[in-house]
1. Just to be sure before I move on: is residue 258 outside the structural domain of residue 73 (by TED's automatic domain parsing), in a loop (DSSP other than H, G, I, E, B) and of a type in the set (Gly, Ala, Ser) in the structure I sent?
2. Between a first residue in the stretch 124-144 that is within 18 Å of residue 207 (Cα to Cα) and a second residue that is small (Gly, Ala, Ser) and away from ligand 2 (no atom under 16 Å from the Cβ), which pairs have beta carbons less than 7 Å apart while being 6 or more apart in sequence or on different chains?
3. Tell me, yes or no, whether the stretch 130-151 has at least one residue that is within 13 Å of the chain's Cα centre (by Cα), of a type in the set (Val, Ile, Thr), under 28 Å from residue 39 (Cβ atoms) and surrounded by 15 or more Cβ atoms within 10 Å (Cβ to Cβ).
4. Is it true that some residue in the stretch 242-253 is touching a residue at least 60 places away in the same chain (Cβ under 8 Å) and within 11 Å of ligand 1 (Cβ to nearest atom)?
5. Residues to consider are 154, 106; find the one that is loosely packed, with under 15 Cβ neighbours inside 10 Å, of a type outside the set (Val, Ile, Thr) and either away from ligand 2 (no atom under 16 Å from the Cβ) or over 19 Å from the mean Cα position of the chain (by Cα) (or both).
6. Could you please find all residues in the stretch 13-41 being of a type outside the set (Lys, Arg), surrounded by fewer than 16 Cβ atoms within 10 Å (Cβ to Cβ) and more than 25 Å from residue 215 (Cα to Cα)?
7. Given the residues 11, 56, 84, which is the only one that is part of a loop (DSSP other than H, G, I, E, B), in the same structural domain as residue 281 (by TED's automatic domain parsing), of a type outside the set (Phe, Trp, Tyr) and free of Cβ contacts under 8 Å to residues at least 60 places away in the same chain?
8. Which of the residues spanning the stretch 225-238 are within 20 Å of residue 135 (Cβ to Cβ) and touching a Phe, Trp or Tyr at 6+ places or on another chain (Cβ under 8 Å)?
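The values are calculated or read from the model by the stated rules, or taken from the named source; none is laboratory data. All figures in this text were calculated on a predicted structure; none of them were measured in a lab. Quick reminder, even Gly has a Cβ in these numbers, built from the backbone with ideal geometry, and neighbours come from all protein chains shown.
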Amino acid sequence: MTSEFGVEITGVDLTQMSQESMQPFLKRFLLDHQVLLFRDQLLDETQQVRLAQSLGPCRKMWQIDHYVSDNEFVQYLSNVDRQGRFVGSHPDPHSTCWHVDGSHTHVPSKATILNALQVPPNSGHTMFASLYQIYDSLDDETKIQLAKHEAEHHIEFRRARRNGRLPWQWSLAKHRGASLTSQLKWWMSTIKRRWQDGGVFHPIVRHHTETGRPVLFIGDHAWRVRGKFLPLGIKLMQQINSIEIDPLAIYTHHWAKGDLLIWDNTSVLHRAGEYDLHNEARVLRRCVVEGV
Ligand SMILES: O=C(O)CCC(=O)C(=O)O
Ligand SMILES: [Fe+2]
């Protein structure tokens, strides 16, 4: 892993451990090392949910149409359907940008668990960077300035541009052919919902809820700095989000079938790597633990 975070744990069969014995050990390792890797673990859905629940209640998951699970706590990230046919699209294209799972909710998830059922031999990696380390690398003045601000995290506003939701992109992207009326309706209902729900704000320098250590709480869902004139707030957030991450501080996980990764979601950024969507099958089973 890297010199700062991540650990591979060997000699453990996760299917054989009771929830009680797993809980203290997993919790300690996760807080200390942020990313845990176990190899050769082919769990079934129930076993993976049980493992996740040893850390806390699981989040109910949305399902990918072509690879649905009956278990509400399980999601498959897959570019093939159950018969192994390529569906021709990425299960979650936005996950290729650095992000924190669920940062657009008031209480971001505590941990994410992926188990690899099928993976390409040399691509489709997952990358991690420590938010403790990113914060620690800032100079004192920047730390003081950033600590004064909060970011609004909103998944739709942040993704609008990439999804071609902005008028000058309509002819280019996903929404090619969508009528002006349907686009306007989308914007009106999204803005109305945001207005009714109120925003989700997190301090840009956030203290980890369990370790108390400061992190630079950035990522793809953070779309504007609160309290600034909107275009400036958006621009400033983009600048903060585009902070350069030292390549040596990134852990790139090259998946093998049976790998199981657990990460402490609010102390790392993660992102999915590219792979050949049309020729290389990639199926990961995912569970998410609710935050505290
Ligand atoms: O597909 C991946 O490598 C990562 C997906 C992801 O962002 C997640 O599981 O939260
Ligand atoms: Fe994610």
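1. Numbers: outside the structural domain of residue 73 (by TED's automatic domain parsing): no; in a loop (DSSP other than H, G, I, E, B): yes; of a type in the set (Gly, Ala, Ser): yes.
So residue 258 does not fit the description; no.
2. Note: pairs meeting the criteria are 129/249; 130/249; 133/249.
3. Within the stretch 130-151 (the criterion being within 13 Å of the chain's Cα centre (by Cα), of a type in the set (Val, Ile, Thr), under 28 Å from residue 39 (Cβ atoms) and surrounded by 15 or more Cβ atoms within 10 Å (Cβ to Cβ)), the answer is no, since none of the residues qualifies.
4. Yes, the conditions are met somewhere in the stretch 242-253.
5. On the way: 154 fails: loosely packed, with under 15 Cβ neighbours inside 10 Å.
Just one listed residue meets the conditions, 106.
6. 13, 15, 16, 18, 19, 20, 21, 40
7. Values: 56 fails: free of Cβ contacts under 8 Å to residues at least 60 places away in the same chain; 84 fails: free of Cβ contacts under 8 Å to residues at least 60 places away in the same chain.
Being part of a loop (DSSP other than H, G, I, E, B), in the same structural domain as residue 281 (by TED's automatic domain parsing), of a type outside the set (Phe, Trp, Tyr) and free of Cβ contacts under 8 Å to residues at least 60 places away in the same chain holds for just one of 11, 56, 84, which is 11.
8. The first filter runs over the stretch 225-238 and keeps only residues within 20 Å of residue 135 (Cβ to Cβ), leaving 225-226, 236-238.
Across the stretch 225-238, the qualifying residues are 226, 237.
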